[in-house]
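Each remark here refers to the structure printed beneath this line.
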Amino acid sequence: AEQVGDFHRMASLLNKYGYLPMSAGMGGLATAESDYRRGLVLAEASGDRGMEEMILANLGVLFTLLGDYRQALDSLHSALRIGAETAGYWRYWVAHHYKGKCLLQMGQLDEARASLATAIEQLGQLGNHHFEVMARCDLGLLHHLAGNQEQARAELTFVLDLARQHDDQRYRAWANTRLGYVLEALGDLAGAGEHYARGCELHACMGQHFYALNALAGE
């Protein structure tokens, strides 16, 4: 891509390079930020607004993981401004999900719920159930943190059903671990242990050993 001057392809690849360490959860976030920023420069230089929006949204997730919520929201709001130009495109609603994820991490549960609910509704209407699953998984965690355990159980059980249909092992792992939190809060320790064990197994199978520790700690 570099040899033929394909800026779009270069930016797309750098976006994927940036996403990889976040998905693995094994560090390397400084390198991920560098790759994202290089990709962003290329996207801007080529006038590729879609790629620019995607990278800004992913940068928002990166900063959320780092706990730098100011930069996270700045990046996500920039992504949403670009996405508003083509609000019928599913990526716009993914950015709403990512904003909800950030607000959730900040403890702003009411605002997070509104962003997540909007993302879920719109992604469902567009038939993008892959990303709908991701937003629903975070909504399930939000219900748990808000003390609404029955709502959390229903949401995360639905997430597991959808994730099985798409064979999305990442979100089967997350949903199992989070269901463990919920069942433990409800006093079902045996059920919680089963879900923790399954979450740990799935994360470990994908090489997500850091994320597997969350489930292991639950056990």
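The values are calculated or read from the model by the stated rules, or taken from the named source; none is laboratory data. All values derive from a computational prediction rather than experimental measurement. A quick note on method: Cβ atoms are made from the backbone with ideal geometry, for glycine too, and the neighbour counts reach across all protein chains shown. We work out accessible area using only protein heavy atoms, side chains counted, and drop any ligands, DNA or RNA first. Shrake-Rupley method; radii C 1.70, N 1.55, O 1.52, S 1.80 Å.
So the values come out like this:
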| quantity | calculated |
| --- | --- |
| Cα shape, segment 107-219, gyration tensor, a/c 1.5 rule | oblate |
| Cα-based shape type of segment 42-144, given that a ≥ b ≥ c are square roots of the gyration tensor eigenvalues and the cut on a/c is 1.5 | oblate |
| Added length on full extension, which subtracts the Cα-Cα distance from 0.36 nm per residue, residue 30 to residue 165 | 45.2 nm |
| Per residue, in Å², the accessible surface of the chain once ligands and nucleic acids are set aside, probe 1.4 Å | 47 |
| Carbon + sulfur, % of accessible area of segment 1-142 - ligands and nucleic acids excluded, 1.4 Å | 53 |
| Principal-axis tilt of helix 29-46 within the chain, Cα atoms, nearest 10 degrees | 40 |
| Bins of 10 Å, starting at 0 and running to the largest distance - Cα pair percent for the chain | 9, 31, 37, 18, 5, 1, 0 |
| Centroid-to-centroid separation of segment 146-219 and segment 83-124 [C-alpha atoms, Å] | 22 |
| Local electrostatic count, residue 139, Cβ distance below 9 Å [Lys/Arg +1, Asp/Glu -1] | 0 |
| Cα shape, segment 1-54, gyration tensor, a/c 1.5 rule | prolate |
| Charge dipole magnitude, Cβ of K and R +1, D and E -1 - segment 1-96, Cα centre, debye nearest 20 | 140 |
| Efficiency of FRET between residue 188 and residue 4 - r from beta-carbon atoms, R0 41 angstrom, step 0.05 | 0.10 |
